[in-house]
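Heads up, the thing below is written out as structure tokens.
Bear in mind these aren't lab numbers, they're just calculated from the coordinates by the rules spelled out. The structure displayed is predicted, hence computed values, not measured ones. With ideal geometry, Cβ positions are generated from the backbone for all residues, glycine too; neighbour counts draw on all protein chains shown.
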Amino acid sequence: MSEKQVLLGMSLEEMKAAFKQMGQPAFRAGQVQAWLTKGTPFEEMSNLPKALRESLRENYVDLPMSVHQAFPSRKDDTVKFLFSCLDGNIIEGVLMHYHYGYSLCISTQVGCKMGCAFCASTLNGCVRNLTAAEMLSQVLLANRFLGEKGHVGHIVLMGSGEPLDNYDNVVSFLRQVNAEDGLNISLRNISLSTCGLVPQIGRFAAEGLPVTLSISLHAPNDQIRKQIMPVANTWPIHELMDEVRAYVRKTGRRVVFEYALIDQLNSRPEHARELASLVGGMQCHVNLIPLNYVDERHLRPAAPEAVQLFLKILEERHISATIRREMGSDIGGACGQLRRSVLEGKA
Ligand code: SAH
């Protein structure tokens with residue numbers, strides 16, 4: 001493991017102090033920080049003297065994370081990454097290529113403590129929060145991987161972890177990734193997905209960050225939701241919906257409801273009708289996801305005909321809805337699946 005200090009994430013003052021010790025003028029700290037937030041490696045920091053670039057490489061690490069392994073899909077342009085943190089923890093991210101450009105799904109925690117019954121990320125609980133610099137590094141490393149091919153223009157906070165359970169770091173990351181002198185990614189191109197931590201949704205609405213909020217709903221009522229999402233025991237669905245409505249009013253942004261279709265449990269016609277009356281009249285979109293089967297879980301995906309019928313019932317009731325396109329299914333598509341198979345030596 002590296003003993004070297006990490007530069008990304010250091011404040012300008014800390015960096016100035018470190019540079020002073022190296023006998024460097026203070027303005028170099030600002031130059032280096034500007035390069036770092038764009039992900040430029042030391043050797044390409046072209047306004048620094050060569051000797052300084054070399055001494056930085058010898059004495060410091062630029063990012064607190066590196067690519068452990070990249071798995072390009074053979075079916076499409078999707079690339080799944082395993083990133084390693086400096087403390088040896090491994091997290092995952094997915095790079096997807098759409099007609100509008102590259103979108104990266106990033107993790108916000110190592111593991112997750114929310115305990116959703118269908119999700120692989122939560123099987124071993126939450127190890128720790130990721131820092132803002134670690135979240136930013138996932139984007140910078142994906143950009144380095146792309147090189148001349150392009151860069152990440154859209155981000156979804158849908159990898160492992162519950163973003164609103166790591167509130168301060170996530171908000172700090174959002175501000176940094178949006179900064180004009182950094183990656184300058186529009187907040188409108190960023191989606192934050194939450195299992196529904198009601199107080200934090202209210203707090204987040206007040207931040208004035210126009211990201212798209214995605215709510216992992218997965219059930220039309222508390223009775224079903226409690227069977228698959230422990231969070232429903234703390235925050236009943238009506239309180240969640242009230243808070244989401246307030247979010248829409250406050251931000252003017254359309255929200256997205258994620259709904260994984262599980263055989264029998266939440267995918268029957270009566271569930272579709274109940275969902276339609278729950279979200280009817282809201283400025284929203286429903287994203288139907290055929291459940292990704294996770295070995296350790298005993299839930300099965302709904303049959304394709306059931307998925308189509310579910311969609312039809314929503315459409316008949318004028319609810320905007322689509323079925324999520326499956327990408328990179330050959331490389332461990334669902335949350336936490338690839339990391340888990342690597343931890344268990346199966347990848
Ligand atoms: N904790 C956040 C974000 C991470 S999960 C949240 O709950 O929203 C990203 C999305 O993938 C969530 O909608 C989650 O419910 C969904 N998901 C997790 N495991 C899945 C599986 N096996 N099949 C389909 N969707 C899954």
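Remark: the stretch 135-201 carries a charge dipole of roughly 200 debye about the Cα centre, counting +1 on each Lys and Arg Cβ and -1 on each Asp and Glu Cβ. With the highest mean first, a sort of the peptides 257-267, 85-95, 298-308 on other beta-carbon atoms found within 10 angstrom per residue produces 257-267, 85-95, 298-308.
Here's how it looks for CYS126: its modeled amide H is under 5 Å from those of CYS112, LYS113, which are all 5 or more places away or on a different chain. Working note: Karplus 6.51/-1.76/1.60 with θ = phi - 60° gives the stretch 132-147 the couplings 4, 5, 5, 5, 4, 4, 4, 5, 4, 5, 5, 4, 4, 4, 6, x Hz, where Gly and Pro are set to x. By the rule of a C-alpha distance below 18 Å, with chain neighbours fewer than 8 residues away ignored, the aspartates and glutamates paired with LYS75 are GLU326, ASP330. Equivalent ellipsoid of the stretch 99-203: semi-axes from √(5λ) of the C-alpha gyration tensor, largest first, are 24, 15, 12 Å.
Roughly what percent of Cα-Cα pairs across the stretch 60-155 reach past 19 Å?
On the way: 1963 of 4560 pairs.
The proportion of pairs with Cα distances above 19 Å equals 43 percent.
Label sites at GLU14 and HIS238, each approximated as a point 7 angstrom past Cα along Cα to Cβ, lie 4.7 nm apart.
Remark on the stretch 257-303: Rg and Dmax equal 11.9, 38 Å (Cα only). DSSP beta bridges confined to the chain are antiparallel in about 45 percent of cases. Close amide H partners of LEU291, meaning residues 5 or more places away or on another chain with modelled amide H under 5 Å apart, are LEU261, ALA302.
Can you give the charge dipole size of the stretch 64-220 about its Cα centre, rounded to the nearest 20 debye, using +1 on the beta carbon of Lys and Arg and -1 on the beta carbon of Asp and Glu?
Working: 10 positive and 12 negative charges, 57 e Å.
Using only the charged Cβ atoms, the result is roughly 280 debye.
Which of these, PRO220, PRO230, PRO290, has the largest mean-square fluctuation under a Gaussian network model of the chain (Cα springs below 10 Å)? Of the options given, PRO230 has the highest mean-square fluctuation. When each of GLU14, GLU243 is scored by the number of other beta-carbon atoms lying within 10 Å, the sequence from fewest to most is GLU14, GLU243. Would you mind checking the stretch 238-262 for residues with the amide N under 12 Å from a putative spin-label position 7 Å along Cα→C-beta of SER320? The answer is 253-257, whose backbone nitrogens lie closer than 12 Å to the label point.
May I ask you to derive the relative contact order of the stretch 87-229, considering only C-alpha pairs under 8 Å and at least 6 residues apart, and to give it as an integer percent? Show your work: numbers first, answer last.
Numbers: 242 pairs, mean separation 32.8, N = 143.
Once divided by the residue count of the stretch 87-229, the mean separation gives 23 percent.
Ignoring lysines fewer than eight residues from LYS226 along the same chain, the ones with Cα atoms less than 27 angstrom from its Cα are LYS113, LYS312. Farthest toward the positive end of the dipole of the chain, out of PRO163, ASN233, CYS116, is the Cα of PRO163, where the dipole comes from beta carbon charges about the Cα centre. Dividing the mean sequence gap of close Cα pairs (under 8 Å, 6+ apart) by how many residues the stretch 230-309 holds gives a relative contact order of 34 percent.
Let me test this: with uniform point scatterers at the alpha carbons of the stretch 146-265, what is the Debye-based log₁₀ I(q)/I(0) at q = 0.13, 0.16, 0.23 1/Å? The Debye formula, applied to the Cα set alone, gives -0.55, -0.79, -1.40. The GNM of the chain, with springs linking C-alpha atoms under 10 angstrom apart, assigns the highest mean-square fluctuation among LEU213, LEU192, LEU52 to LEU52.
Extension gain for the segment ARG57 to TYR293, taken as residue separation times 0.36 nm less the Cα-Cα distance, is 80.6 nm to one decimal. What you get for the chain, charging only the Cβ of Lys and Arg (+1) and of Asp and Glu (-1), is a dipole of about 320 debye around the Cα centre. When the chain is treated as a GNM with alpha-carbon contacts under 10 Å, the residue of SER214, SER103, SER172 showing the greatest mean-square fluctuation is SER172. Here the chain has an Rg and Dmax of 21.4, 71 Å, counting Cα atoms alone. Summary value for the chain: 14 percent relative contact order, contacts being C-alpha pairs under 8 angstrom separated by 6+ residues. The distance from the alpha carbon centre of the stretch 11-62 to that of the stretch 238-295 is 47 Å, rounded to a whole number. Computed over the stretch 109-166, the alpha-carbon pair-distance distribution with 10 angstrom bins reads 22, 43, 27, 8, 0, each value a whole percent. Of all lysines in the structure, the ones whose alpha carbon falls short of 22 Å from that of LYS4, not counting any fewer than 8 places away in one chain, are LYS16, LYS20, LYS38, LYS50.
With a simple spin-label model that places each label point 7 Å from the Cα along the Cα-to-Cβ direction, the separation between ARG203 and HIS99 comes to 4.0 nm.
The stretch between PHE145 and LYS113, if pulled fully straight at 0.36 nm per residue, gains 8.5 nm over its current Cα-Cα span.
Modelled this way, with points 7 Å down the Cα-to-C-beta line, the labels at PHE27 and VAL67 are 3.6 nm from one another.
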